1. Starting from segment 219-240, keep only residues that are in contact (Cβ under 8 Å) with a residue 60 or more places away in the chain, then list their pairs with residues that are basic (Lys, Arg) and not in a helix (DSSP H, G or I) whose Cβ atoms are within a distance under 9 Å, requiring at least 6 positions of separation or different chains.
2. Considering each of Leu28, Leu41 in turn, give the residue that is over 30 Å from Lys225 (Cα atoms) and touching a strand residue (DSSP E or B) at 6+ places or on another chain (Cβ under 8 Å).
3. Considering only residues of segment 65-80 that are away from the ligand (no atom under 12 Å from the Cβ) and surrounded by 15 or more Cβ atoms within 10 Å (Cβ to Cβ), which is nearest to Gly8 (Cα to Cα)?
4. Between a residue in segment 33-62 that is among the charged types (D, E, K, R) and any residue that is assigned to a loop (DSSP other than H, G, I, E, B), which pairs come within a Cβ distance under 6 Å, given they are 6 or more apart or on different chains?
5. I need a count of the residues in segment 116-132 that are buried (at least 19 other Cβ atoms within 10 Å of the Cβ) and assigned to a helix (DSSP H, G or I).
6. I'd like the residue in segment 248-274 that is under 13 Å from Tyr150 (Cβ atoms) and more than 22 Å from the chain's Cα centre (by Cα) and, out of all such residues, is surrounded by the most Cβ atoms within 10 Å (Cβ to Cβ).
7. For the list (1) out of contact with any Asp or Glu (no Cβ under 6 Å at 6 or more places or on another chain); (2) closer than 19 Å to Val139 by Cβ, I need the number of the one condition that Thr89 fails.
8. What pairs come up if the first residue lies in segment 81-110 and is free of Cβ contacts under 8 Å to residues at least 12 places away in the same chain, the second is more than 9 Å from the ligand (Cβ to nearest atom) and part of a strand (DSSP E or B), and their beta carbons are under 9 Å apart, counting only those six or more places apart or on different chains?
Amino acid sequence: MNEKYVHGYTARESVRLVDQANTLADILHSGIVYPAGSNVLEAGCGVGAQTFLLARNSPDASFTAVDLSGESLRAARERVSSHGFTNVTFHQGDIFRLPYEDNRFDHLFLCFVLEHLPNPVEALACLRRVLKRGGTITVIEGDHGSTYFYPETPDAKKAIQCLVDIQAEMGGNSLIGRQLYPLLKKSKYDDVNVSPRMIYVDSSKPHLVEGFTKNTFIAMVEGVKEQAIRSGRMEEASWDRGIRDLYGTTGEDGTFVYTFFKGTAVKSPHPASG
Ligand SMILES: C[S@@+](CC[C@H](N)C(=O)[O-])C[C@H]1O[C@@H](n2cnc3c(N)ncnc32)[C@H](O)[C@@H]1O
């Protein structure tokens, strides 16, 4: 996974994940409170940017946070314990080979993970195995096709398309948000509900200009500069204009719009339904 993960495991990416989670906390975590005593699995916890919010918002639930990357897990453990939370256990592991017995967890949570997997239905099915009957899954994903902004230029749009194409070439899908409903259905979850969460940014919302447009979205596009140019997808001058134009949307008259998708579903309480 390391070499096949489009955003990589750099220090800058860790900062980006934390900025992203903190900036979007209200819009993405609203309504997520797990009951006291429940066991919750967070799959693909990364550097713990979401884990910290989960642990804070449900202090009486117990979380197990899993990721492939040992380095990310070390950062996650440090982040959560430095805030004084003791309700999270970290494990290095693979979603496709989870070392837990069937029906172990009351709830599942994953955020910005399916977009990096070539086989999201299989991942959701592996997760379903460890979920108790009647338990819930919450899945949050973005969709880069939902991006529009002002002023809009061809170079800026091309730079975003490079990220979409490079991620697809690496087996991921940055347009996955719109597919959450069919993916959860195909993976045999019941009561699937998907809600779009739109972020609208203009200069009257400086925390979103910094935290979302610059530090989450543009930083993510900038992360594939080398691959975009090396692969011949864009000339360097055109790329640099595209990034400059994206920053142009963060000016006094600029606007930026993006939609995340939050899906929830249940594992049927009835064995007959699978
Ligand atoms: C974009 S990061 C998101 C991290 C975190 N959920 C967040 O929102 O900040 C995706 C994470 O999924 C992890 N991951 C990818 N495939 C995985 C797998 N098969 N099993 C466990 N973790 C995986 C990666 O190592 C990475 O840390």
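1. That search, which allows pairs on different chains as well, returns Gln227/Arg233; Trp239/Arg233.
2. Details: Leu28 fails: over 30 Å from Lys225 (Cα atoms).
Result: Leu41 is the single residue among Leu28, Leu41 that is over 30 Å from Lys225 (Cα atoms) and touching a strand residue (DSSP E or B) at 6+ places or on another chain (Cβ under 8 Å).
3. Applying the filter and picking the extreme gives Arg77.
4. Asp60/Ala36
5. Qualifying residue count for the region: 6.
6. Going through the qualifying residues, I end up with Thr249.
7. The number of the failed condition is (2).
8. What qualifies is Ser81/Val88; Pro99/His91.
Every number in this text was worked out from the coordinates using simple rules, so none of it is lab data. In this text the structure is predicted, and so the values were computed from the model without any measurement. We place every Cβ from the backbone using ideal geometry, glycine too, and count neighbours over all the protein chains shown.
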